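Notes follow the structure.
The values are calculated or read from the model by the stated rules, or taken from the named source; none is laboratory data. Fair warning: this is a prediction, and the values are worked out from it, not measured in the lab. Heads up, the Cβs are rebuilt from the backbone with ideal geometry, glycines too, and the neighbour counts pull from every protein chain shown. For accessibility, only protein heavy atoms count, side chains too; no ligands or nucleic acids. Shrake-Rupley method; radii C 1.70, N 1.55, O 1.52, S 1.80 Å.
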Amino acid sequence: MTVLAVADHRRGALRDVSFELLTAGRELADAAGTDLHAAVVSGDTESFADDLNREGVDHVHAVEHGEEFNHDVYVQAVEALAEDLDAEFVLVPNSVNGLDYAPAVATRTGRTYVSDAIDLAHNDTLEVTREMYGSKVETTVEVADGPYVVSIRGAEWPAAEGVGDAEVSTFDVDVDEDAVGSTVNGFEEVGGGDVDIADANFLVSIGRGIEEEENLELIEALAETTGATLSSSRPIVDNGWLPKNRQVGQSGKQVTPDVYLAIGISGAVQHVAGMKGADTIIAINTDPNAPIYDIADYGIVGDLFDVVPALIEEFGGEPPSV
Amino acid sequence: MKVLVTVKEVAAVEDDFEISGTEIGSTYLDYDLNEWDDYAVEEGVQLAEAGDDVEVVAVTIGPERSEETIRMALAKGADRAVRVWDDAIEDVELLDVETKAQLLGAVVEEEDPDLVLSGVQANDDSFGATGVALAEELGFQWAAVVNDLDTETVLDEGVASVRRELEGGVEELTDVQLPAVLTIQTGINEPRYASLRGIRQAQSKEIAPKSLDDLGLDAGVVESSLDVTAMYEPETESDAEYIEGDAGEQAGQLADVLRDKGVVGE
């Protein structure tokens, strides 16, 4: 019985969550009294494998096959590795690519799948802590039957560091090319355009709390009066109210302004991933329990439709009537 | 061509709520169509509008109460619906991914669609796994987290040319052979509101109930390997300095903070 942690990489670089995965994997391996194996599939496997050889890792396996992620290749490689290593636990990141292959590995190999873990414990059974209802509650889920595939949320475990003394080896997988039914044709950066919100030192950012597209005028007036740059959380862009280049978060831009003023943004984990590096975070929200206050330096519990017009007036502006 | 859309009625929790045991009392829950599924339904309906003879079937796992939500999918343009439910399912607290894939898989095998559209995840339990597990269960191809689908190549060539929304503003351009399951990301389209006419028409559209027996499955299928042993509100880690007072006072102090940080002039 072993723990197998499968790294994530894209366009020539390992993603940070890969090293967090090693920490989670080491903890689980200690609890279960077993070894931690790390694996990397495709890409520059030689340098990736070297980089994954961090403290606490017992073995690193490199599967050479193509450059970029392909889920059909990953499913076959991880299936073969898990079987060869007798892996009781397969750990993957709860990333977009994790979502694209981990459930299939679980289904194909008859493993129980649990996603988006924020904490793990193992006594006789596996206990996974995960959120429900949009982060409003946390649950402990006991997972009766192993073996398991578990995906872990990014930024919940610290990254593994140092240089380990893992045994690094290549692992040959005879990939069945006929079973590869999807073709990756390329990548495209999106969200270019007139403004780069990553360059701004003061961002006024708006979320679902604005309720209607017409009300955006209010936030635009605030940005104009204060000389701030306007950004937003995902729902505003999904609704087509602002272009994609204004979106802060996991699938949008990462920003590190001096001041980030979050208005009507609840602070879902995907959003926080994009703005937690701001020097000063100020939140205005009607819900005193909104998770945005967990990372805010200043909090205003109140109605944006009252506070924002008053703030515009403070700086000598004329609030629009919305 | 036949498009099957998986939909789920999900519960949203009000701002103030109480947990009893490992559940939230039903008085604090509001039921609605899962946000991601709303986009999946819209994508299916747009395919039907663009193509000749495209049938859109909504399928759900849910109790009788969920028919109200499913009817919203019908009102927006799905042709008919299948609702899987059984006393044996009612007894399960948290269905695992395998069970959901098997239940939906049995419906897919009956319906034999070319394309299955599924939301990336559900607002309530956020597993984000059903679509891909379903594809693997069926031997279909798949793509997860799709935020663009080329209508023409799906209808004319049997290939789903999609964009997968990766992290950090990068999209992956991928071709997937049909039959396939695509998990649909929010923002892929603009879900319509149901028209009055649509709502009226939906009243006469079929929602076919299916029990485990109807699907040729036995009760063992729904045994969950997941047991929720605790539910609690996350500890608040806030060390924010709260600005009190009425809106005018709050705005005044906030203005001072902004001046102090040097991001706004006098």
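What translational diffusion coefficient, to the nearest whole µm²/s, does region A:8-163 have by Stokes-Einstein, given a Kirkwood radius computed over alpha-carbon pairs, a temperature of 10 °C and 1.306 mPa s viscosity? Once the numbers are plugged in, D ends up at 102 µm²/s. Between B:ARG259 and B:ARG197, the C-beta separation translates, for a Förster distance of 35 Å, into a calculated FRET efficiency of about 0.05.
The simple Förster model, with R0 at 41 Å and r as the Cβ-Cβ distance, assigns B:GLU111 and A:ARG208 a FRET efficiency of 0.70. Working from Cα pairs under 8 Å separated by at least six residues, relative contact order for region B:2-222 is 26 percent. Taken across both chains, chains A and B shield about 7000 Å² of accessible surface from a 1.4 Å probe.
Expressed as a whole percentage, what fraction of the accessible surface of region A:197-314 belongs to carbon and sulfur atoms when a 1.4 Å probe is rolled over the protein heavy atoms?
The nonpolar share, carbon plus sulfur, comes to 41 percent.
Within the listed set B:GLY220, B:GLY252, B:GLY128, the Gaussian network model of chain B (springs between alpha-carbon atoms below 10 Å) gives the highest mean-square fluctuation for B:GLY252. The dipole here belongs to the protein assembly as shown: it is taken about the Cα centre, uses +1 on the Cβ of Lys and Arg and -1 on the Cβ of Asp and Glu, and is about 960 debye.
With the alpha-carbon atoms of region A:197-314 aligned to their principal axes, the span from lowest to highest coordinate is 32, 28, 24 Å, starting with the largest. Each Cα pair under 8 Å and six or more residues apart adds its separation to the average, and for region A:197-314 the resulting relative contact order is 26 percent.
In a simple Cβ point-charge model (Lys, Arg +1; Asp, Glu -1; nothing else charged), region A:222-319 has a dipole of about 600 debye relative to its Cα centre.
Which one, B:ILE89, B:THR174, A:VAL195, is farthest towards the positive end of the dipole of the protein assembly as shown when Lys and Arg carry +1 and Asp and Glu -1 on their Cβ? It is A:VAL195, whose Cα lies furthest towards the positive end. Both numbers refer to the Cα atoms of region A:90-210; Rg and Dmax are 19.8, 56 Å. Across q = 0.06, 0.11 Å⁻¹, the protein assembly as shown modelled as identical point scatterers on its alpha-carbon atoms has Debye log10 I(q)/I(0) values of -0.31, -1.09, in the order of the q list. Length available on full extension from B:TYR31 to B:GLN177: 0.36 nm per residue minus the Cα-Cα distance, which gives 49.0 nm.
Placing one equal scatterer on every Cα of region B:2-222 and applying the Debye formula, the log10 ratio I(q)/I(0) at q = 0.18 Å⁻¹ is -1.38. Per residue, the protein assembly as shown exposes 40 Å² of solvent-accessible protein surface, assessed with a 1.4 angstrom probe and all protein chains in place.
Region A:149-242 gives an Rg/Rh value of 1.19, both radii derived from C-alpha positions and Rh following Kirkwood. Note on chain B: dipole from Cβ charges, positive end direction compared against B:LEU215, B:SER126, B:TYR28; the farthest Cα belongs to B:LEU215.
Could you look at region B:75-151 and say what percent of its accessible area is carbon and sulfur, using a 1.4 Å probe and all protein chains?
32
Averaged over the residues of peptide A:110-122, the number of Cβ atoms from other protein chains lying within 10 Å of each residue's Cβ is 3.
Taken about its Cα centre, region A:2-179 carries a charge dipole of roughly 700 debye when the Cβ of each Lys and Arg holds +1 and the Cβ of each Asp and Glu holds -1. Think of region A:197-314 as a dipole: +1 on every Lys or Arg Cβ, -1 on every Asp or Glu Cβ, centred on the Cα centre; then among A:SER205, A:PRO243, A:ILE312, A:PRO243 lies furthest on the positive end.
Projected label points at A:GLU46 and A:ASP86, each 7 Å from Cα along the beta carbon direction, are separated by 3.3 nanometres.
Take every Cα pair under 8 Å whose residues are at least 6 apart in sequence, average their separation, divide by the length of chain A, and the relative contact order is 15 percent. Considering every residue in A:144-152, what mean count of other chain Cβ atoms within 10 Å of its Cβ is obtained? Averaged over the peptide's residues, the number is 2. When the surface is traced with a 1.4 Å probe over the full set of protein chains, B:GLU233 keeps roughly 100 Å² accessible. Other protein chain C-beta atoms within 10 Å of residue C-beta, averaged over A:285-292: 3. Computed over chain A, the Cα gyration tensor eigenvalues convert (square root of 5λ each) into semi-axes of 42, 21, 17 Å, ordered from largest to smallest. Computed over protein heavy atoms with a 1.4 angstrom probe, the accessible surface ordering of B:SER195, B:SER211, largest first, is B:SER195, B:SER211.
Protein-only accessible surface at a 1.4 angstrom probe places the residues A:GLU224, B:GLU110 in the order A:GLU224, B:GLU110, largest first. Each of B:ALA12 and A:ALA155 was given a label point 7 Å from its Cα along the Cα-to-Cβ line. The distance between the two points is 2.3 nm.
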